[in-house]
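The values are calculated or read from the model by the stated rules, or taken from the named source; none is laboratory data. Computed from a predicted structure; not experimentally measured. Cβ coordinates were reconstructed from backbone atoms using ideal geometry, including for glycine residues, and neighbour counts include every protein chain displayed. Accessible surface areas use protein heavy atoms only, side chains included; no ligands, DNA or RNA. Shrake-Rupley method; radii C 1.70, N 1.55, O 1.52, S 1.80 Å.
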Amino acid sequence: MATTSEHVDLRNDLIRLVTSRLLDPLEILLPQADLVGLRQSVEADAEMWAAQLLGPDDAVARQTAVRLMTVLHPGDTPFDPPDSWWATPLGRVAARRVGHPSRAGVSFGVAGAMLGITRQGVHDLVNRNKLVRHDDGGVTVDSIRARLVLRRQQ
């Protein structure tokens, strides 16, 4: 169950991201456009997105996370976020609901960022069979997601 604080942080992060990545550039390109209504829609929709991302329906949460990551981080290559992104409100919920958006396995450093622990902590969890080693030497994203879900249930 999500806390009110988690919901508010996620909502505010989503408003900030949509505003800075979509609305602010539109305002620069179309200075005569009236974006007041769009800004109000973003605030209302961010409430809904946060509720979907944090809610009980895994399929809806995954779909919402993928939609947001695709629109907010467009590019010609798969989204491969920097380690610091995993500490953001959207990054934390994406790690739990989707995992890494473009990889089945990640390095120990990325796994640590996704879990919010050190690389040494990831080594310890792998050695204790709490995380699964990926064939390429890192950690499977599925085992990271499972760990995050388990930790959330405790």
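Pairing residues of the stretch 86-114 that are under 15 Å from residue 13 (Cβ atoms) with residues that are among the small types (Gly, Ala, Ser) and open to solvent by less than 30 Å² (accessible area, probe 1.4 Å), at Cβ distances under 6 Å and at least 6 apart in sequence or on separate chains, gives 86/95; 86/113; 94/65; 97/61; 97/65. Pairs meeting the criteria (first residue in the stretch 1-17 and under 17 Å from residue 57 (Cβ atoms) and at pLDDT below 95, second residue open to solvent by 40 Å² or more (accessible area, probe 1.4 Å) and outside any helix (DSSP H, G or I), beta carbons under 9 Å, at least 6 apart or on different chains) are 1/56.
Say we look at the stretch 132-153 and pick out the residues that are of a type outside the set (Gly, Ala, Ser) and over 20 Å from the mean Cα position of the chain (by Cα); which of these is least open to solvent (accessible area, probe 1.4 Å)?
Result: 134.
Taking the stretch 71-116 as the range and being among the aliphatic types (A, V, I, L, M) and under 18 Å from residue 49 (Cβ atoms) as the test, the residues that pass are 71, 72, 90, 93, 94, 95, 98. How many residues are of a type outside the set (A, V, I, L, M, F, W, C) and open to solvent by less than 70 Å² (accessible area, probe 1.4 Å) when one looks only at the stretch 13-30? Of the residues in the stretch 13-30, 5 are of a type outside the set (A, V, I, L, M, F, W, C) and open to solvent by less than 70 Å² (accessible area, probe 1.4 Å). Taking the stretch 50-87 as the range and being open to solvent by 80 Å² or more (accessible area, probe 1.4 Å) and touching a helix residue (DSSP H, G or I) at 6+ places or on another chain (Cβ under 6 Å) as the test, only 62 passes. If I ask for residues that are polar (S, T, N, Q) and not in a helix (DSSP H, G or I), which ones from the stretch 96-154 would you list? Passing the criteria: 102, 107, 118, 129, 140, 154.
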